[in-house]
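The values are calculated or read from the model by the stated rules, or taken from the named source; none is laboratory data. Note that this is a predicted model, so its numbers are computed, not measured. Cβ placement follows ideal geometry from the backbone for every residue including glycine, while neighbour counts extend to all protein chains displayed.
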Amino acid sequence: MVAEFARSSAAKSDCGAGPLGGCVKSLPGNPLSQKRAPQEASGTCAAVGKLGESARSLCLNGVQGAPAGATGVAEDCYMLHNGDEAYRLTALYGGYAKSAHPAVNESGVRADAEAVCPNSPHRDLYVISLVQNGSWKMKGKDGHRFQRTILKRFAEEPAERHGCAAVRGY
C-alpha cells in the first residue's frame, strides 16, 4: 500500500521515484535531539536559543528539536520545564498547513502565524501551543508576551530557510 501511494504521488508530482516495494530493512532513529539548555538550542529550536534568558525567567529550562532543513513539510521544537514538554512550536508547509488550519483553534493554540511560500498555493502555518499534560503552567502577561515573541522568532527562521515571505500573525 505504501509503495503504491509513493508511486502515485511521484506520478502526480512528476518527480521520478527510485525502486519501490520490497522489505523495509531499517528505520531512521528519532529525529528529536537530546534535551538541551535553551542557549544551546540548534536545528528547529535555533530561534529559541536567542531568547534563552526570557525562557529561563519563565522557568522554561530546556529545548528539544530536530535538524532543520529547507525541504521538510513539518518542523517541531519543544520547550521544556524540568524535562516535561511545556510548549510545542510547529511549522507546517503546503498541504500539511492547509489541513491543520481548521483544527488550530480547537486544540488549545495560544497563537499562530502564516507566511506565503514559493511552490505552494497554501499559506504556511507556524503555531505555538501549550502542552496540556505537562507540569508547567503559564502565568501572567509576561507569559503571553513571551508566546508572541517566541512564535515570531520561530516563524521567521524557518520561513527564511524555506524562502517564504510576508510572515504575519502572532
Tell me which residues, restricted to region 30-52, are modelled with pLDDT of 75 or more, under 16 Å from Y87 (Cα atoms) and not polar (S, T, N, Q). K35, R36, A37, P38, A41, C45, A46, A47, V48, G49, L51
Out of the residues in region 1-19 meeting the condition of being surrounded by 10 or more Cβ atoms within 10 Å (Cβ to Cβ) and under 24 Å from N119 (Cβ atoms), tell me which one is modelled with the lowest pLDDT. A17
Check on S26, surrounded by 14 or more Cβ atoms within 10 Å (Cβ to Cβ), more than 29 Å from N119 (Cα to Cα) and at pLDDT below 75: no
Tell me, please, whether a residue that is in a helix (DSSP H, G or I) and either in contact with a Ser or Thr (Cβ under 6 Å, 6 or more places away or on another chain) or at pLDDT 80 or above (or both) can be found in region 83-98. yes
Looking only at region 51-75, which residues are part of a helix (DSSP H, G or I) and farther than 16 Å from F154 by Cβ? E53, R56, S57
Yes or no: L80 modelled with pLDDT of 85 or more, in contact with a helix residue (DSSP H, G or I) (Cβ under 6 Å, 6 or more places away or on another chain) and buried (at least 21 other Cβ atoms within 10 Å of the Cβ)? no
